[in-house]
Amino acid sequence: MNKNEWFKRIPKVDILLETEEIENLIESYGRTSVLSGIREEMDILRKQISQCETEEDAIQRIEELVDKIQEGVEKKHTPNMELVINGTGTVLHTNLGRAPISKKHMERLALIASGYGNLEYNLKEGRRGERYSHFEELLCEITGAEAAMAVNNNASSVLLILNTLAKGGEAIVSRGELIEIGGKFRIPDVMEASGAVMVEVGTTNKTHLEDYEKAITEETKAILKVHTSNYQVVGFTESVSMEELSAISNERDIPLVEDLGSGVLIDLSKYGLTYEPRVQDSIEKGADVVCFSGDKLLGGPQAGIIIGKKKYIDQMKKNQLTRALRIDKFTATALELTLLEYLSEENVVKNIPVLEMITMPYEVVEKKAKKLLRELKKQNMPGDYKLCGCESQIGGGSLPLERLKSAGVSIASEGISAAEIETRLRKLPIPIIVRIVNDEILIDVRCIEEKNMQMIAKMLKENRVFESVS
Ligand SMILES: *Cc1c(COP(=O)(O)O)cnc(C)c1O
């Protein structure tokens, strides 16, 4: 048994390069990438051979080399970010990318993203334009604000607002509003990063107008109100209304800033949901600057939208920090397209997926669940499928207490644990993300399009998700 002999059987790189499989691979992925793939697999193979016990084993490994190279190169070139099916029912699922952008807008978005656009070019006058110009007027018309702009996300909005208005000075905020949003966004930390000194007033559950009044000094540069979008303090509570704050902020000429978080532009109570304060309400009640996310209840791209008095927005546009936080052409295009839908409420609840899913009547969700159930049964797979009622959440820290009456299919399969099925669903060619409720898999269909039900059922069948492996 001479291991050196085994090593000699490994084909030389030149020989490999002449095989049809490798030639095809080079055609698709280029020579450099294939060569580095060959080197990687060769290294692995050498290590394996040095551990092989028998010649047979070594030969088999050598024979598998080309396949391994092929697999390795293909895998490396496959994008890691992939489409998943959201079976959790959570509409703004942060881990799944929050708001899906309307398919209706994709063609135009692709056109502009893959070509050039008048992002910062004024076509009428043939000179430099402003990247906010495409949606500033729209935002003003919809919200009643004087001016508007957008940055990378709403965390950036808060940072930019405080940095512009309150750097080197003080900003007052109620202790009841010192929130933490997922992803470690904390008001005190953002405040510190902005260069403003935070002045906390009131207590966790109660803050009075006089608390704010007493805290105002020569150094006060802003009053910040934060919408506690992802939790609620209930019971013995009190907070100061925007109207009252606006009165003192006007009197002392201190800008009143409101971080709304979710940024709803329509009255959700018309659709049976809790009334969530709208952006328009903030402006009407006297906020000087308001900011909110583009990809929460607005249903657009990730962005932080800042609206309010022109004199403050102008200062922010000029801040150096804006250059670091600015939006790109994808966002600017998607934001304009999203906001255009808001010109008509009938359209917006139909064309903006987030709003469509949130306002979806129960009968529609139930119909989709029945369709999924029918398709699953058609496939004759093992397992026990049942239509079931459930509750969806809005997610993304928006309307945290709201539960939407929803429907789905619960699945159990003899001999396979729910955890095992959950894993298998997650590893499908198009992964399905689900919840486990009472030890059963629950696919909430709220966020799944009806036209995908058949494809899902077939995929489950083809990949033998419910078959026990013996
Ligand atoms: C979500 C949220 C933010 C952060 O917004 P992103 O767009 O996620 O950066 C800030 N403030 C409030 C109140 C929020 O709800």
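The values are calculated or read from the model by the stated rules, or taken from the named source; none is laboratory data. Predicted model, so just to flag it, every value in this text is computed and none were measured. Heads up, the Cβs are rebuilt from the backbone with ideal geometry, glycines too, and the neighbour counts pull from every protein chain shown. Side chains included, ligands, DNA and RNA excluded: accessible areas come from the protein's heavy atoms. Shrake-Rupley method; radii C 1.70, N 1.55, O 1.52, S 1.80 Å.
Structure notes:
- Nitroxide proxy distance, nm - points 7 Å out along Cα→Cβ at Y362 and N2: 8.1 nm
- The C-alpha atoms of the chain define a longest principal axis, and helix 20-29 lies at about 10 degrees to it.
- When you restrict to C-alpha pairs under 8 Å that are six or more residues apart and normalise by the size of the chain, the relative contact order lands at 18 percent.
- Summing charges over neighbours of D439, with a neighbour being any other residue whose Cβ is under 15 Å away from its Cβ, gives -3 when K and R count +1 and D and E count -1.
- The range 1-158 - percent relative contact order, Cα under 8 Å, separation 6 or more: 14 percent
- Within the shell of other residues whose beta carbon sits under 13 angstrom from the beta carbon of Y312, the net charge comes to +1, with Lys and Arg scored +1 and Asp and Glu -1.
- DSSP bridge analysis restricted to the chain gives an antiparallel fraction near 60%, rounded to the nearest 5.
- Share of Cα-Cα pairs in the range 128-221 lying beyond 18 Å, as whole percent: 58 percent
- Lys, Arg +1 and Asp, Glu -1 on Cβ, resulting dipole of the chain about Cα centre, debye, nearest 20: 600 debye
- Largest accessible area first, the listed residues D14, D267 line up as D14, D267 when surface is computed with a 1.4 Å probe on the assembled protein chains.
- Against the criterion of solvent-accessible heavy-atom surface with a 1.4 angstrom probe, T338, T164 sort, most first, into T164, T338.
- Per-pair calculated FRET efficiency, R0 = 45 Å: E82 and E414 via Cβ, rounded to 0.05: 0.90
- Trypsin sites (Lys or Arg not before Pro) within the range 162-256, DSSP loop, no more than 14 other Cβ atoms inside 10 Å: K184
- Quick note on the range 103-351: its Rg to Rh ratio, both from C-alpha atoms and Rh being the Kirkwood radius, is 0.98.
- Solvent accessible area, Å² - R464, 1.4 Å probe, full protein context: 150 Å²
- Efficiency of FRET between Y231 and Y271 - r from beta-carbon atoms, R0 30 angstrom, step 0.05: 0.85
- Each principal axis of the Cα atoms in the range 3-76 has its own extent, and those three values, largest first, are 36, 21, 15 angstrom.
- Cα-Cα over 22 Å, subset of K377/K451; K285/K350; K184/K311: K285/K350; K184/K311
- Fraction of the pair-distance distribution of the chain above 30 Å, Cα-Cα pairs, percent: 59 percent
- Applying both filters, DSSP loop and at most 13 other Cβ atoms within 10 Å, to the trypsin sites (Lys or Arg not before Pro) of the range 1-55 gives R9, K12.
- The GluC sites (Glu not before Pro) of the range 36-85 that meet both conditions, a loop assignment by DSSP and at most 16 other Cβ atoms within 10 Å of the site Cβ, are E53, E64, E82.
- The lysine pair tally for the range 3-76, using Cα distances under 22 Å and a gap of 8 or more places or different chains, is 11.
- Each of E467 and R403 was given a label point 7 Å from its Cα along the Cα-to-Cβ line. The distance between the two points is 3.9 nm.
- To the nearest ten degrees, helix 154-166 and the longest principal axis of the Cα atoms of the chain are 40 degrees apart.
- Potential lengthening between L387 and M106 on full extension [0.36 nm per residue; Cα-Cα distance subtracted]: 97.8 nm
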